[in-house]
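Novice: Dropping a structure here in C-alpha cells format, bear with me for questions.
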Amino acid sequence: MLIVTAAAPGWAADAPPTPLHLMLDWYVNPDHAPLVIAEQRGLFARHGLEVTIDAPGDPSTPGRLAAAGQVDVAIGYQPQLHLEVDQGLPLKRIGTLVATPLNTVMVRADSGIEDLAGLRGRRIGYSVAGVEQALLRTMLEHAGIGIDDVERVNVNFSLAPALLSGQVDAVIGAYRNVEAAQLESQGVEPRSFFVEEHGVPVYDELIFVASPATIAAKGDALRAFISAVEEATLWIDNHPEEAWESFRRYDASLDSEVNQRAFELTLGRFSPSPAALDSGRYLGMQRFLLEQGLIEREQPLDALAVDLNAPAP
C-alpha cells in the first residue's frame, strides 16, 4: 500500500516539502494508526513533509532497507534492532510507535491452563526461532519449568488458527491486540500471559529506525516526522471513536470487526512521546539478549538509539 501526503496548502514554492520514504513492518493494521491518522489529518504536510509509506513484500527486509539507505525510515522491533546492530547493520532507533510489549504466550481460556506451569507436557506453537524461543524459555523458567518440558511446534505464522484448531495448546508470539481479537471473533476467549510479567525485561515493541547517514542528512525532517506522529497519537487518545471511524475508511480491508477490536486493544499503547528514549529499556534488553546468547557483544547506547530532541552535546 502506498500513501503520499501532499504539501500543505500555501507551501512556499521555494521551500518544497521534504520527501521521506517509510517502510512498514507489515501490511497496514491498527498498530500503524498514528501514521494513517497523521496522513489523513494533513499533519505530515503541516510539518513540511511528503511521506511515502510502503508495506514490505518480506517482513524481514525493512531494517536492511533502512540500513542501506533505500528507505529513510523503517518500522522494526526493539529486540530485532539489537540483533541487526550486532550483525553490523548501521541502524539506530529514532522513535517509538508502540511503547509496550505486545508479545504474549496465549492459550484458550477454555483450555484449563490457568498459569504457565500448566504448560508442562503441552504443545506450544511458534513462528520464528531466536528471540521468541528466548522469551519462551525465560517465561517458563520464571514459572518453574524448563523449555524441554514442553513440545515446540512451528506453526508458520498461523498462530490463531493453530490455537483454534487444537493443533497446539499455546502459542508464543501472539499479540495481545491482534491474535486476541482474532480468537474473540471466533467466539473463543483468549488467556494471555504477558512477557513483561514473567521475567522478560520491558521493551518497546514497535520502533522507527534509520541509518546514521540518514539521521545526519535528514535530521530536521526526521524530527518533523516524529512530531507529526506524536500529534496524531495524542489526537487518537483524545478522540478514540472518531479515530477508528477515520482509520477504517483509509482502506476497505481495514473495516472489520477484528480490526476494530484490535484497534481498541491497541489504544493506550502508542507512545505519547515517540522521540523520548528510555535508555534502561535498551540496555536491559541488550543484557537479556547477551545472556541468551543471541548477540555477541555489548554496544554503547548511542550505537543503538538516539533521542532526536535531545540537546546536542
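Novice: Nearest 20 debye, what's the magnitude of the dipole of the chain about its Cα centre given +1 on Lys and Arg Cβ and -1 on Asp and Glu Cβ?
Specialist: 340 debye
Novice: Keeping all protein chains in the complex and leaving out DNA, RNA and ligands, what accessible area do you get for Ser165 with a 1.4 Å probe, in Å² to the nearest 10?
Specialist: 90 Å²
Novice: When Lys and Arg each count +1 and Asp and Glu each count -1, what net charge do the other residues less than 15 Å away from Ala143, Cβ to Cβ, add up to?
Specialist: Its environment carries a net charge of -4.
Novice: Taking the Cα centre of the stretch 103-197 as the origin and placing charges on Cβ (Lys, Arg +1; Asp, Glu -1), which of Asn156, Val131, Gly112 is farthest toward the positive end of the dipole?
Specialist: After comparing all options, I get Asn156.
Novice: Please work out how much length the chain gains when fully extended from Glu298 to Ala312, using 0.36 nm per residue of separation minus the C-alpha to C-alpha distance, in nm with one decimal.
Specialist: Result: 2.6 nm gained on full extension.
Novice: Lys/Arg Cβ at +1, Asp/Glu Cβ at -1, dipole of the chain taken about the Cα centre: which of Pro79, Ala99, Asn259 is farthest positive-ward?
Specialist: Projecting each Cα onto the dipole axis, the largest value belongs to Pro79.
Novice: Another one. Which FRET efficiency value, to the nearest 0.05, is calculated for Tyr27 and Gln70 with the Förster distance at 22 angstrom and r the Cβ-Cβ distance?
Specialist: 0.70
Novice: Give the relative contact order (percent, whole number) for the stretch 106-174; include only Cα pairs under 8 Å separated by 6+ residues.
Specialist: Contact order relative to length: 48 percent.
Novice: Put a dot 7 Å past each Cα toward the Cβ at Arg249 and Glu151; how far apart are the dots in nm?
Specialist: My value for the distance between the label points is 5.1 nm.
Novice: Any idea what diffusion coefficient the stretch 103-197 gets from Stokes-Einstein, in µm²/s, Kirkwood Rh on alpha carbon pairs, 37 °C, 0.692 mPa s?
Specialist: Calculated translational D: 256 µm²/s.
Novice: Please give the FRET efficiency for Gln87 paired with Asp220, using the beta carbon to beta carbon distance and R0 = 25 Å, rounded to the nearest 0.05.
Specialist: Calculated value: 0.25.
Novice: Taking the Cα centre of the stretch 145-197 as origin and charging only Cβ (+1 Lys, Arg; -1 Asp, Glu), how large is the dipole, in debye to the nearest 20?
Specialist: 200 debye
Novice: Above 20 angstrom, tally the Cα pairs of the stretch 192-263 and express them as a % of all pairs, no decimals.
Specialist: In whole percent, the long-distance tail amounts to 58.
Novice: With the dipole of the chain worked out from charges on the C-beta (+1 for Lys and Arg, -1 for Asp and Glu) around the Cα centre, which of Thr233, Leu301, Gly88 lies farthest toward the positive end?
Specialist: Going by the Cα projections, it comes out as Gly88.
Novice: Placing +1 at every Lys and Arg Cβ and -1 at every Asp and Glu Cβ, with all other atoms neutral, what dipole size does the stretch 112-160 have around its Cα centre, in debye to the nearest 20?
Specialist: Using Cβ point charges on Lys, Arg, Asp and Glu, the stretch 112-160 gives about 140 debye.
Novice: Moving on to the next point. Any idea how far apart Glu141 and Asn238 come out in nm if each label point goes 7 Å out from Cα toward Cβ?
Specialist: 4.6 nm
Novice: Using amide H atoms built in the peptide plane, which far-off residues or other-chain residues are under 5 Å from Val153 H to H?
Specialist: Placed amide hydrogens put Ile124, Gly125, Tyr126 under 5 Å from Val153.
Novice: Run the simple label-point estimate for Ala129 and Arg287 please: 7 Å along Cα→C-beta, distance reported in nm.
Specialist: Inter-label distance under the simple model: 2.9 nm.
Novice: Kindly work out what percent of the DSSP beta bridges joining two residues of the chain are antiparallel, to the nearest 5.
Specialist: Given both bridge residues lie in the chain, the antiparallel proportion sits at roughly 60 percent.
Novice: Now, a different point. Between Ala180, Ala170, Ala68, find the one with the highest GNM mean-square fluctuation for the chain; connect C-alpha pairs within less than 10 Å.
Specialist: Ala68
Novice: With Cα Rg over 2.2 N^0.38 Å defined as stated, name the option among [x] 0.92; [y] 1.02; [z] 1.10 computed from the structure displayed.
Specialist: It is the one labelled [y].
Novice: Helix-only estimate, please: 222 nm mean residue ellipticity of the chain, summing -39500 (n - 2.57) across DSSP H runs of length 4 or more and dividing by its residues, to the nearest 500.
Specialist: One gets -10500 deg cm²/dmol as the mean residue ellipticity at 222 nm.
Novice: Set the Förster distance to 41 Å, then compute FRET efficiency between Asp115 and Ser273 from the Cβ-Cβ distance, nearest 0.05.
Specialist: 0.75
Novice: I'd like the projected area of the stretch 242-313, averaged over all directions, using the convex hull of its alpha carbons. Report it in nm² with one decimal.
Specialist: Computed as one quarter of the Cα hull surface, the answer is 8.0 nm².
The values are calculated or read from the model by the stated rules, or taken from the named source; none is laboratory data. All of these numbers come straight from a predicted model, not from anything done at the bench. All Cβ positions, glycine included, derive from the backbone under ideal geometry; neighbour counts span all protein chains shown. Surface areas here come from the heavy atoms of the whole protein model, side chains and all, with no ligands, DNA or RNA. Shrake-Rupley method; radii C 1.70, N 1.55, O 1.52, S 1.80 Å.
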